[in-house]
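Worksheet: the structure to be examined is printed underneath.
The values are calculated or read from the model by the stated rules, or taken from the named source; none is laboratory data. Remember, it's a predicted structure, so these values are computed and weren't measured experimentally. All Cβ positions, even for glycine, are placed from backbone atoms using ideal geometry, and neighbour counts span all protein chains on display.
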């Protein structure tokens, strides 16, 4: 009986440790997603200076992800997409022209969409939205369209192309 209890305790501890490690990664990835939303919201409301500030937070969030805890396949995708996100974030941060910032954001968006579809870490519903005028997509925390590519000129231009339910 003692052996069974010890075995159950060991399995419980091992499972809890694994679950904690996974949730630590999910928490970090959800912080990346929240930081991404902040950049999207700044661009959707035509706040180019705020977008620069928020994209720096996004870069820090990407750097803070404990990516070694991901499975081999997910790790490979994350490393590829994280490099794109950081590169495009640096471009966005280095520009005071909102059109250039929005073009950089497009690259960030496609990397985030690919990451979310592959790694599946979101703790709430995410909407993949698409603007036919910009021919570009982005992620939104709300179902209502908030277009970061045209801002106040066409704030609600676009549609929900895909709904990604929470993990």
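Assorted remarks:
- Test result for residue 60, modelled with pLDDT of 95 or more, in a helix (DSSP H, G or I) and either at positive phi or more than 13 Å from the chain's Cα centre (by Cα) (or both): no
- Of the listed requirements (1) modelled with pLDDT of 95 or more; (2) assigned to a helix (DSSP H, G or I); (3) out of contact with any strand residue (DSSP E or B) (no Cβ under 9 Å at 6 or more places or on another chain), residue 68 misses just one: (1).
- Of all residues in segment 147-165, those that are on the phi > 0 side of the Ramachandran plot and surrounded by 16 or more Cβ atoms within 10 Å (Cβ to Cβ) have Cβ atoms under 7 Å from Cβ atoms of residues that are at pLDDT 95 or above and assigned to a strand (DSSP E or B), 6 or more apart or on another chain, in 158/129; 158/130; 158/131.
- Subset tally (residues that are touching a helix residue (DSSP H, G or I) at 6+ places or on another chain (Cβ under 6 Å) and either assigned to a loop (DSSP other than H, G, I, E, B) or within 14 Å of residue 74 (Cα to Cα) (or both)) for segment 123-142: 2
- Leading residue by the ranking (surrounded by the fewest Cβ atoms within 10 Å (Cβ to Cβ)) among those in segment 96-114 that are free of Cβ contacts under 8 Å to residues at least 60 places away in the same chain and closer than 15 Å to residue 80 by Cβ: 114
- Filter pass, residue 25 being surrounded by 18 or more Cβ atoms within 10 Å (Cβ to Cβ), modelled with pLDDT under 95, assigned to a helix (DSSP H, G or I) and at negative phi: yes
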